[in-house]
Amino acid sequence: MDAPAVSGTGKRSGAKRRVKDLLLDYQLYLMLMPALAVLLVFKYIPIYGALIAFKDYNLVEGVFGSEWVGLKHFHDLFQSDKFYEVFVNTLLINLYKLVFQFPIPIILALLINEVRSTFFKRFSQSVTYLPHFLSWVIVSAVFANLLSPTGGIVNELLGYFGIDPIMFMSDERFFRTVLVVSSAFRESGWSSIIYLAAIMAIDTQLYEAARIDGAGKLRQIWHITLPGIRSVIVFIIMLRLGAALANDLEQVLMFYSPMVYRVGDVLGTYVYRVGLGQMKYSFSTAVNLFQSVIGFVLIIVANTISKRYGDRGLW
């Protein structure tokens, strides 16, 4: 008969403790409020716009006044040959970036960490970070000049080996490679910051013990550094998998042309052309919603696998 009273007392004491903790750290919660407000206004409230995917949206009638059509736009989506083409392009480009671009920041962080000269280390970091602050407009112009068939440095070098000029940015065989290389050029230095921070957190006594045991630099990196940053690597991979259907829209828009649509058109550019160009707002919203659902499923799967095999998950 006394159990409910005990339970009620425990709940009241727990609530008092939470209120006490809230009042104790109220400054931190006040600092958090603007960020939560921005997240609510710009991320959560606009979710109601996903209703457009299930309606025949009309600008005059608005979201709630438009006719409800259910899964019609999703049916049209899966019946479209063009959708499967851009879907495969999106997956392939992100797969290439994950396989070929993802290791570069890790290697760069390992190399910078081994530099003993403070001046040269800071100089190297500044040089590798700089491209991140350049817009894709500038980066695309740089690559257009480097890869130009008339006067570009790359084609000039190929000419010394008797190879005819190649239109890299207009050739379907090389366009995806250009996207991966340009993305690596712009983001590798900036991404290496995360791994450098993780490396700095590794206990230096481990390296001292390894040196006493006769381990060289490569063995120290393989047996201490890489295991020490493994959880960070897995965390970043999970985030990349969650964005497996999300390409950098601005990058592709700056680089591609109608000549490479077959291999370079991705979901982002497809939504941009169909949604704004042809004013098919409901159809483009259905594409975006499909993209978001797949990304959500992928990140849950990646999180589950990560926790099952011993690493921390996102939650």
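The values are calculated or read from the model by the stated rules, or taken from the named source; none is laboratory data. Just so it is clear, the structure is predicted and the values come from calculations on it, not from any experiment. Don't worry about glycine lacking a Cβ; one is built from the backbone with ideal geometry, like all the others, and counts go over all protein chains shown. Surface areas here come from the heavy atoms of the whole protein model, side chains and all, with no ligands, DNA or RNA. Shrake-Rupley method; radii C 1.70, N 1.55, O 1.52, S 1.80 Å.
What are the residues in region 224-236 that are part of a helix (DSSP H, G or I) and hydrophobic (A, V, I, L, M, F, W, C), if any?
ILE224, LEU226, VAL232, ILE233, VAL234, PHE235, ILE236
Just for region 33-50: of the residues that are open to solvent by less than 100 Å² (accessible area, probe 1.4 Å) and at pLDDT 90 or above, which one is farthest from TYR281 (Cα to Cα)?
PRO34
Could you grab me the full set of residues in region 70-98 that are part of a loop (DSSP other than H, G, I, E, B) and among the hydroxyl-bearing types (Ser, Thr, Tyr)?
SER80
Right, LYS55: touching a residue at least 40 places away in the same chain (Cβ under 8 Å), under 27 Å from THR269 (Cβ atoms), among the charged types (D, E, K, R) and in contact with a Phe, Trp or Tyr (Cβ under 6 Å, 6 or more places away or on another chain) or not?
Considered against the rule, which asks whether it is touching a residue at least 40 places away in the same chain (Cβ under 8 Å), under 27 Å from THR269 (Cβ atoms), among the charged types (D, E, K, R) and in contact with a Phe, Trp or Tyr (Cβ under 6 Å, 6 or more places away or on another chain), LYS55 comes out as yes.
Could you list, in sequence order, all residues of region 105-146 that are open to solvent by 70 Å² or more (accessible area, probe 1.4 Å) and in contact (Cβ under 8 Å) with a residue 24 or more places away in the chain?
VAL127, LEU130, VAL137
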